[in-house]
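The structure appears right after this line, and notes come after that.
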Amino acid sequence: ESAGPRPPGRPAMATLRRFSPFDLLRFNNVNLDPLTETFTMGFYLQYLAKWPQYCFNVDAPHGRSMGYVLGKAEGSGAPGKLDAGLPWHGHVTAVTVPPEYRRLGTAHALMGLLESVSDHEAAWFVDLFVRRSNGVAISFYESLGYSVCRHVLGYYSGDEDAYDMRKPLSRDADRRSAVPLPNPIHPEELEDD
């Protein structure tokens with residue numbers, strides 16, 4: 001089932017659709033990439049059960065997975081309370097595209113779908129964490145309108161720092177959710193989501 005008209009950046013001849021539990025049995029070509037975080041089956045199934053509207057897959061014409069995005073909604077939903085705790089927002093847990101399908105607009109299309117769902121659900125922003133050493137990914141996210149809001153020391157297994165990058169959505173016209181913190185923080189200082 002197609003996700004409707006072709007959004008900007010959608011790869012030609014591809015099918016964008018909701019991520020399904022059956023995709024877990026056929027996405028090895030995506031998860032074998034060394035830059036991809038691989039989770040347990042239970043982790044993926046939890047996302048599909050709680051936030052199915054934030055999880056998408058792209059299939060090539062022959063049915064091979066071209067990539068996926070796994071996301072969720074988190075934070076408080078208090079209207080107009082951007083300063084109280086972590087506001088309601090969309091979160092990108094994983095977006096990945098195998099090398100043979102990169103530079104075709106696949107990740108751009110997947111990110112656009114998650115951002116659209118988040119905006120529709122009145123989220124203030126979409127955020128994600130990215131390895132500080134992953135310059136290619138950081139540049140890609142910046143090209144989509146994301147900016148670094150926090151530098152998190154030792155986020156990845158205590159060994160590697162991360163950037164918390166955010167993209168304000170229509171609810172945050174003043175871009176207050178994307179104001180960067182002046183100093184790095186530690187993982188234990190992150191808000192409970």
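Mind checking which pairs have a first residue in segment 175-187 that is in contact (Cβ under 8 Å) with a residue 40 or more places away in the chain and a second that is of a type in the set (Lys, Arg), Cβ under 7 Å, 6 or more apart or different chains?
Final answer for the pair search is Ser177/Arg166; Ala178/Arg166.
Which residue out of Pro11, Pro7 is touching a helix residue (DSSP H, G or I) at 6+ places or on another chain (Cβ under 6 Å), modelled with pLDDT under 80 and open to solvent by less than 20 Å² (accessible area, probe 1.4 Å)?
Criteria check complete, one pass: Pro11.
Could you please tell me which pairs satisfy a Cβ distance under 6 Å, a separation of 6+ or placement on different chains, a first residue in segment 58-77 that is more than 19 Å from Tyr101 (Cβ to Cβ) and charged (D, E, K, R), and a second residue that is open to solvent by 20 Å² or more (accessible area, probe 1.4 Å) and not in a strand (DSSP E or B)?
Short answer, once both residue conditions are applied: Lys72/Trp51; Glu74/Asp193.
The values are calculated or read from the model by the stated rules, or taken from the named source; none is laboratory data. Everything numeric here is computed off the predicted structure, so don't read it as measured data. No Cβ is skipped: glycine too gets one built from the backbone with ideal geometry, and neighbour counts run over all protein chains shown. We work out accessible area using only protein heavy atoms, side chains counted, and drop any ligands, DNA or RNA first. Shrake-Rupley method; radii C 1.70, N 1.55, O 1.52, S 1.80 Å.
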